[in-house]
Amino acid sequence: MGKNRKTRKHESSEKLVSNNIDKNWFYDNNTQKFSHPMYPNKQFSPLCKNKIIEDKRVIKDKYGKKHTKKNRKMVSELFPYVSPEEDNRNIGFTIGPNSSTYNFEIVPNKMQSFWDTRRGKRCISYIAYRKQRDANRKSWVEMHPGGETN
């Protein structure tokens, strides 16, 4: 005898346009395509980044007993897909590499600045530290003339 499998109802996801995209992108719900004034007469397909949002509610039954009920819903965040070869203005998004074979990452087509990366931020703080250290050394040398060992 086979396993009794629980069947799930198909729940359509709630589709929201991402806040991380350029504000001039327009998403048409009828055609389900993106358009932008910089690319007139062109339509772009959306990329979906799915998230499951779960909230818990406490419900009292007629006997006064408390039960928790989980409510889960799927939310799809939409990004305009523009291949990097077609995107001269670097305002679109594409699929980037990820370590997992089942998931993918949505990355912007514009180049990321070195100073916005983790390593760049660490470099900025090190440069500030070196400037402060040099200023402290200079003031110490002025206060103690002849006490320099170098």
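Residue-wise test of (1) within 15 Å of the chain's Cα centre (by Cα); (2) aliphatic (A, V, I, L, M).
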residue: 7; (1), (2): no, no
residue: 15; (1), (2): no, no
residue: 38; (1), (2): no, yes
residue: 59; (1), (2): no, yes
residue: 66; (1), (2): no, no
residue: 98; (1), (2): yes, no
residue: 101; (1), (2): no, no
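You will find that of 54, 148, 142, the residue that is farther than 30 Å from residue 35 by Cα, outside the structural domain of residue 29 (by TED's automatic domain parsing), at pLDDT below 90 and charged (D, E, K, R) is 148 and no other. A Cβ distance below 6 Å, combined with a sequence gap of six or more or placement on separate chains, defines the contacts here; from the stretch 85-108, residues that are aromatic (Phe, Trp, Tyr) reach residues that are in a loop (DSSP other than H, G, I, E, B) and at pLDDT below 85 in the pairs 104/98. Within the span defined as the stretch 63-73, every residue fails to be in a loop (DSSP other than H, G, I, E, B) and either touching a helix residue (DSSP H, G or I) at 6+ places or on another chain (Cβ under 8 Å) or within 17 Å of residue 104 (Cα to Cα) (or both).
Close contacts from the stretch 15-44, counting a first residue that is more than 11 Å from residue 78 (Cα to Cα) and a second that is of a type in the set (Val, Ile, Thr) and crowded, with 17+ Cβ neighbours inside 10 Å, with Cβ to Cβ under 6 Å and a gap of 6+ residues or different chains, come to 22/91; 44/82. Applying the criterion of being of a type in the set (A, V, I, L, M) and assigned to a strand (DSSP E or B) to the residues of the stretch 88-114, the residue that is surrounded by the fewest Cβ atoms within 10 Å (Cβ to Cβ) is 95. Screening the candidates 65, 9 for the property of being out of contact with any Ser or Thr (no Cβ under 6 Å at 6 or more places or on another chain), exposed (fewer than 10 other Cβ atoms within 10 Å of the Cβ) and at pLDDT 90 or above yields one hit, 65. In the condition set (1) touching a strand residue (DSSP E or B) at 6+ places or on another chain (Cβ under 6 Å); (2) exposed (fewer than 12 other Cβ atoms within 10 Å of the Cβ); (3) under 19 Å from residue 104 (Cβ atoms), residue 20 is compliant with all but (1).
Within the stretch 82-103, does at least one residue satisfy the condition of being under 30 Å from residue 40 (Cβ atoms), out of contact with any Phe, Trp or Tyr (no Cβ under 9 Å at 6 or more places or on another chain) and among the hydrophobic types (A, V, I, L, M, F, W, C)? No: the stretch 82-103 contains no residue that is under 30 Å from residue 40 (Cβ atoms), out of contact with any Phe, Trp or Tyr (no Cβ under 9 Å at 6 or more places or on another chain) and among the hydrophobic types (A, V, I, L, M, F, W, C).
The values are calculated or read from the model by the stated rules, or taken from the named source; none is laboratory data. None of these values were measured; they are calculated from a predicted model. Cβ sites come from the backbone with ideal geometry, for glycine too, and all protein chains shown count toward neighbours.
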